[in-house]
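Trainee: This is the structure, below, for whatever I ask next.
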Amino acid sequence: MGSESLRVTWLGVWVNLALGGAKTVAGWFLGSKALVADGMHSLLDLLSDIAVLLGLVMARRPEDANHHFGHHKFASFAKLLIGSSLLVFSAALVVAAIFDFRSGVPVPKAGPGFVVILIAIITKELLFWKTRAVALRLKSSLLMANAMHHRSDSLSSLGVAIALLGVWLGGEEWAFLDALVTLGLSFYLIIGATRILKEAGADLVDAAPRREIIEDFCEHILTIPGARAYHDFRVRRVGDVYEVDLHLQVDPKITIERGHTISKEVKERMLAEHPEVTTVLIHIEPANEEHIKMRGISDAAPLN
């Protein structure tokens, strides 16, 4: 999981470095402020890739004397950094677009600029789908956040391409398209940044994941022979993985060793079915009237 995540993120680093530099230089020589801004957006994505790399590397570090529960929350901090940087950049786009409406936009050399931005769009879309595929396969919200950042860059480039095409075909009268498209795009980016920030904040305060995720984890418990009931099932996201703990009821007449074996089978099944789960902590209890809870779930009536 870790090596594949790192490979696709390093790919993003080099692509964003190349595209950011190319669009910024081309925009400068072609007189296109929008192309320069889009190049800066790609360079901002480069910072996001670095933040993701930091999150992935730190999350793989084992527990130590100062971090008893590992370093997975560094991934959540990385998502927080991504969302924050995207939000700041989006706000700057709004200010720039309003300023252009008031001061006017110089006419750029739109033809060559359109070719450059078209190549950038195709490249970033390919990078988005590649990163998204890895994120879905590994169930990585951190990689998915970075994939969406790639998508935001390609959409930003699409807006610039529309503006440059309009200026190319319509001349000076259509120069206002640059600021108009930038303004509309910036609001889309603000929505995406807010979504990433909300998810990162939920991770950092140990908010429960969606109900369907919890139910997906639960379905593997009572399928294990000897697992009679469970309650106090809790899940939290820690960085890019999940931690689970629960109280498991077993036949009170079996040995402690047998009860431990049942709990081990429950744990191994959950970890095998869900690679995104990193820790399963199970507390064993006898399945009698005292320990079968009304809020618990069982496969049979309580034992006498």
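Trainee: Hey, does region 39-57 have a residue that's among the small types (Gly, Ala, Ser), at pLDDT 70 or above and in a helix (DSSP H, G or I)? First the steps, then the outcome.
Mentor: Here is the first cut: in region 39-57, the ones among the small types (Gly, Ala, Ser) are 39, 42, 48, 51, 55.
Keeping just the survivors that are at pLDDT 70 or above gives 39, 42.
Remaining after also requiring in a helix (DSSP H, G or I): 39, 42.
Yes, there is a match, as at least one residue in region 39-57 is among the small types (Gly, Ala, Ser), at pLDDT 70 or above and in a helix (DSSP H, G or I).
Trainee: Mind checking which residues of region 237-257 are among the acidic types (Asp, Glu), closer than 30 Å to Phe77 by Cβ and not in a strand (DSSP E or B)? It would help to see each step written out before you state the result.
Mentor: Of all residues in region 237-257, those among the acidic types (Asp, Glu) come to 240, 243, 245, 251, 257.
Restricting the remaining residues to those that are closer than 30 Å to Phe77 by Cβ gives 240, 243, 245.
Across region 237-257, the qualifying residue is only Asp240.
Trainee: For region 127-181, how many residues meet the condition of being at pLDDT 80 or above, more than 23 Å from Ser85 (Cα to Cα) and either among the hydroxyl-bearing types (Ser, Thr, Tyr) or open to solvent by 10 Å² or more (accessible area, probe 1.4 Å) (or both)?
Mentor: Residues meeting the conditions: 3.
Trainee: Which one of the conditions (1) at pLDDT 90 or above; (2) assigned to a loop (DSSP other than H, G, I, E, B) does Thr223 fail to meet, given that it meets all the rest?
Mentor: (1)
Trainee: Being more than 19 Å from Leu189 (Cα to Cα), aromatic (Phe, Trp, Tyr) and assigned to a helix (DSSP H, G or I) is the requirement here; does Phe128 meet it?
Mentor: no
Trainee: Of everything in region 255-269, what is aliphatic (A, V, I, L, M) and at pLDDT 90 or above? Give them in sequence order. Before you say what the answer is, go through the steps one by one.
Mentor: If we filter region 255-269 for residues that are aliphatic (A, V, I, L, M), which is where we start, we get 256, 262, 266.
Of everything in region 255-269, those that are aliphatic (A, V, I, L, M) and at pLDDT 90 or above turn out to be Ile262, Val266.
Trainee: Kindly provide the set of residues from region 257-277 that are touching a residue at least 12 places away in the same chain (Cβ under 8 Å) and open to solvent by 60 Å² or more (accessible area, probe 1.4 Å), ordered by number.
Mentor: The answer is Arg258, His260, Glu265, Lys267, Arg269, Glu273, Pro275.
Trainee: All but one of (1) under 21 Å from the mean Cα position of the chain (by Cα); (2) within 30 Å of Ser85 (Cα to Cα) hold for His274, so report the exception by its number.
Mentor: It is condition (2) that His274 fails.
Trainee: Let me ask something else. Quick one: is Phe233 touching a Cys at 6+ places or on another chain (Cβ under 7 Å) and either assigned to a helix (DSSP H, G or I) or surrounded by 15 or more Cβ atoms within 10 Å (Cβ to Cβ) (or both)?
Mentor: Numbers: touching a Cys at 6+ places or on another chain (Cβ under 7 Å): yes; either assigned to a helix (DSSP H, G or I) or surrounded by 15 or more Cβ atoms within 10 Å (Cβ to Cβ) (or both): yes.
Considered against the rule, which asks whether it is touching a Cys at 6+ places or on another chain (Cβ under 7 Å) and either assigned to a helix (DSSP H, G or I) or surrounded by 15 or more Cβ atoms within 10 Å (Cβ to Cβ) (or both), Phe233 comes out as yes.
The values are calculated or read from the model by the stated rules, or taken from the named source; none is laboratory data. Every value quoted in this text rests on a predicted model; they were computed, and no experiment measured them. No Cβ is skipped: glycine too gets one built from the backbone with ideal geometry, and neighbour counts run over all protein chains shown. When the accessible area is computed, the model is the full protein with side chains, heavy atoms only, and any ligands, DNA or RNA have been set aside. Shrake-Rupley method; radii C 1.70, N 1.55, O 1.52, S 1.80 Å.
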